[in-house]
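The values are calculated or read from the model by the stated rules, or taken from the named source; none is laboratory data. None of these values were measured; they are calculated from a predicted model. Reconstructed Cβ throughout: ideal geometry from the backbone, glycine too, with neighbour counts over all protein chains shown. Remember, those area values only see protein heavy atoms, side chains included, never the ligands or the DNA or RNA. Shrake-Rupley method; radii C 1.70, N 1.55, O 1.52, S 1.80 Å.
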Amino acid sequence: MIDIKNKFRAKADKEAAEIKMLLRENANTPVEEVVVSQLYQGMRGITSIVSEVSLLDPMDGIKFRGYSIPELQEKLPKAEGGTEPLPEGLFYLMLIGELPTQEDVKAISKSLAERSDIPAHVFKTIDALPISAHPMTQFVTGIMALQTESLFAKAYSEGINKKDYWDPIFEDAINLIARLPYIAAYVYNRKYKNGASLKSDKSLDWAANFALLLGYTEIDFLKLMRLYMTIHADHEGGNVSAHATHLVGSALSDPYLSFAAGMNGLAGPLHGLANQEVIKWIFEMLKTLGTDAPSKEQIAQYAKDTLAAGKVIPGYGHGVLRNTDPRFLAQKEFAESNMPDDKLVQTVWNIFEVVPEILAATGKVKNPWPNVDAHSGALLVHFGMKEYEFYTVLFGVSRSLGVMANMCWSRALGFALERPKSITTNAIKAWLNEGAKKGEL
Ligand code: HAX
């Protein structure tokens, strides 16, 4: 890991020098016009954050350091006999900006396995919650309890030089990624498996060991976890979980505090919780219709009824994407190879055939196509993981890869405290009146 850390530092130094040059010549170059409606629409489309590790194209979907998901599936190292990329490889790519070798990936897997010990108080803190607490609440509570281990918080209290912030941040980031599967699996076993003890095999890669911790040993589930942990890792910097982590980190809150903030955002139904909402919506539909194989006509009517009741169709739509999410397609391909006859999966595909037209017909939904959450639940149910309230925790474990890689970059580049300007409607009105008087508007 020390080689990877040194390589990261060298890359960050080079990039810091490039940004300095860029700013010397372009500090006051305007980026784009912001219109009044954007202030009221969640800042949609306003370019305001630099996140080096991934970039989202509205039509082509996410690219990690320039590589699309199909390219990653081809180019990232795989486990022996595996068909899916290893998420450690994606982490390396996001962190270093280059495709890793098999050896680089092995070094990360080994380091993660070595760093995965968790102090007992973390589990005791989770145990203080009622078993009925949502898995995301239990997960975030565990992460907060783990904050006692932050090397950055300790170094800061001892007066670390700001040039060295990146070092304990880097260590915290890797330690956190190493430990999250254990916290997640503890929550799963506590809530759904009568507190069964965790079984791990530290010789396995990170995602496969996570599958084992959750009690799943089927080889295809291990493959699914590698794919799942790869495709959910990052979605550029503006989505709620990435942005919240970045924002809180900009106050020099340590990686544990920052990641917990991001996870609280992921737990919202318009963001990561959508993955549980999708399967809940489908299960309710099957129950209402009294069938496990609804026709397209039945699905269409159910979707229309959902809209008429003033609810969203979960798993569809996006703040940036304007096309079918390649993460949906990667999961569809996985299902086509591994479980083409699964009835729930077929229902997901039938929903994909009828819902976009219905959403488009509303005339207001900007993206009627499925996002990542539309497919993931059906794959998990296939392998027996029916406890859908847990799904967002899986998403969260994966998301740590992207937001932690990004946090390493933010501190290594010395990014500033985030502090955008807010404004009142009265101030907007005054400004509009002023402009109208001067004939500028
Ligand atoms: N079902 C019903 N209505 C929808 C819709 C959907 N799937 N998607 C958008 N709309 C509605 C919006 O609620 C909005 O309605 P109002 O004008 O009445 O407020 C209108 O269409 C315009 O919205 P938009 O501009 O197309 O979409 P936004 O950028 O405002 O919102 C959301 C993007 C993802 C929040 C939205 O599409 C949605 O609520 N989808 C369902 C929930 C979901 O799947 N979330 C997960 C998104 C991906 C993600 O973060 N994964 O973790």
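Of all residues in region 121-174, which are surrounded by fewer than 18 Cβ atoms within 10 Å (Cβ to Cβ) and not in a helix (DSSP H, G or I)? Residues satisfying the conditions are 128, 129, 130, 131, 132, 133, 158, 159, 160, 161. Has region 58-78 got any residue that is within 30 Å of residue 196 (Cβ to Cβ) and of a type in the set (Ser, Thr, Tyr)? Among the residues of region 58-78, not one is within 30 Å of residue 196 (Cβ to Cβ) and of a type in the set (Ser, Thr, Tyr), which makes the answer no.
Cβ-Cβ distances below 8 Å connect no pair with a first residue in region 175-187 that is free of Cβ contacts under 8 Å to residues at least 24 places away in the same chain, a second residue that is open to solvent by less than 10 Å² (accessible area, probe 1.4 Å) and not in a helix (DSSP H, G or I), and a separation of six or more residues or different chains. Do we find that residue 91 is at negative phi and out of contact with any Leu (no Cβ under 7 Å at 6 or more places or on another chain) in this structure? Here the answer is no, as residue 91 does not meet what is asked. Within region 315-336, the set of residues being near the ligand (Cβ under 6 Å from one of its atoms) and open to solvent by 20 Å² or more (accessible area, probe 1.4 Å) comprises 316, 318, 319. Total residues in region 188-210 satisfying the condition of being within 20 Å of the chain's Cα centre (by Cα) and part of a loop (DSSP other than H, G, I, E, B): the figure is 1. Inspection of region 264-273 finds no residue satisfying the criterion of being open to solvent by less than 20 Å² (accessible area, probe 1.4 Å), more than 11 Å from the ligand (Cβ to nearest atom) and either in a helix (DSSP H, G or I) or of a type outside the set (A, V, I, L, M, F, W, C) (or both). Of the residues making up region 161-189, those that are touching a helix residue (DSSP H, G or I) at 6+ places or on another chain (Cβ under 7 Å) and more than 16 Å from residue 400 (Cα to Cα) are 165, 166, 168, 186, 187, 188. Scan region 339-367 for residues that are of a type outside the set (A, V, I, L, M), within 8 Å of the ligand (Cβ to nearest atom) and in contact (Cβ under 8 Å) with a residue 40 or more places away in the chain and the total you get is 3. The set of residues in region 44-72 that are within 26 Å of residue 415 (Cα to Cα), surrounded by fewer than 18 Cβ atoms within 10 Å (Cβ to Cβ) and of a type in the set (Gly, Ala, Ser) comprises 45, 48, 66. Report yes if residue 260 is surrounded by fewer than 16 Cβ atoms within 10 Å (Cβ to Cβ), farther than 20 Å from residue 313 by Cα, touching a residue at least 12 places away in the same chain (Cβ under 8 Å) and under 24 Å from the mean Cα position of the chain (by Cα), otherwise no. So residue 260 fails the test. Look at region 407-421: where a residue is more than 14 Å from residue 248 (Cα to Cα) and open to solvent by 40 Å² or more (accessible area, probe 1.4 Å) and a partner is in a loop (DSSP other than H, G, I, E, B) and of a type outside the set (D, E, K, R), sitting 6+ places away or on another chain with Cβ atoms under 9 Å, you get 414/165. Applying the selection to region 354-391, what residues are open to solvent by 60 Å² or more (accessible area, probe 1.4 Å) and in contact with a strand residue (DSSP E or B) (Cβ under 8 Å, 6 or more places away or on another chain)? 369, the sole residue that qualifies. In the set (1) open to solvent by 10 Å² or more (accessible area, probe 1.4 Å); (2) assigned to a helix (DSSP H, G or I), the condition left unmet by residue 216 is number (2).
Condition check for residue 109 on (1) in contact with a Phe, Trp or Tyr (Cβ under 7 Å, 6 or more places away or on another chain); (2) part of a loop (DSSP other than H, G, I, E, B); (3) touching a residue at least 40 places away in the same chain (Cβ under 8 Å): one failure, at (2). Filtered by the rule that a residue be among the aromatic types (Phe, Trp, Tyr) and over 19 Å from residue 68 (Cβ atoms), region 82-140 gives 123, 139. Within the bounds of region 286-306, is there any residue that is in a loop (DSSP other than H, G, I, E, B) and within 16 Å of the ligand (Cβ to nearest atom)? Checked region 286-306: no residue is in a loop (DSSP other than H, G, I, E, B) and within 16 Å of the ligand (Cβ to nearest atom). Residues in region 211-255 that are under 20 Å from residue 334 (Cα atoms) and within 11 Å of the chain's Cα centre (by Cα) were compared, and the one that is nearest to the ligand (Cβ to nearest atom) is 232. With respect to being crowded, with 22+ Cβ neighbours inside 10 Å, more than 15 Å from residue 317 (Cβ to Cβ) and in contact with a His (Cβ under 8 Å, 6 or more places away or on another chain), residue 348 fits the description. Is it the case that region 88-97 has a residue that's more than 20 Å from residue 322 (Cβ to Cβ), β-branched (Val, Ile, Thr) and assigned to a helix (DSSP H, G or I)? Yes, region 88-97 contains at least one residue that is more than 20 Å from residue 322 (Cβ to Cβ), β-branched (Val, Ile, Thr) and assigned to a helix (DSSP H, G or I).
Cβ-Cβ contacts under 7 Å between residues 6 or more apart (or on different chains), taken from a first residue in region 263-287 that is farther than 16 Å from residue 305 by Cβ to a second residue that is of a type in the set (Phe, Trp, Tyr), are listed as 263/139; 266/395; 272/395; 275/391; 275/395; 276/388; 276/391; 279/388. Within region 42-65, residues that are within 21 Å of residue 29 (Cα to Cα) reach partners that are more than 12 Å from the ligand (Cβ to nearest atom) and not in a loop (DSSP other than H, G, I, E, B) with beta carbons closer than 6 Å, at six or more positions or on different chains, in the pairs 51/406; 52/409.
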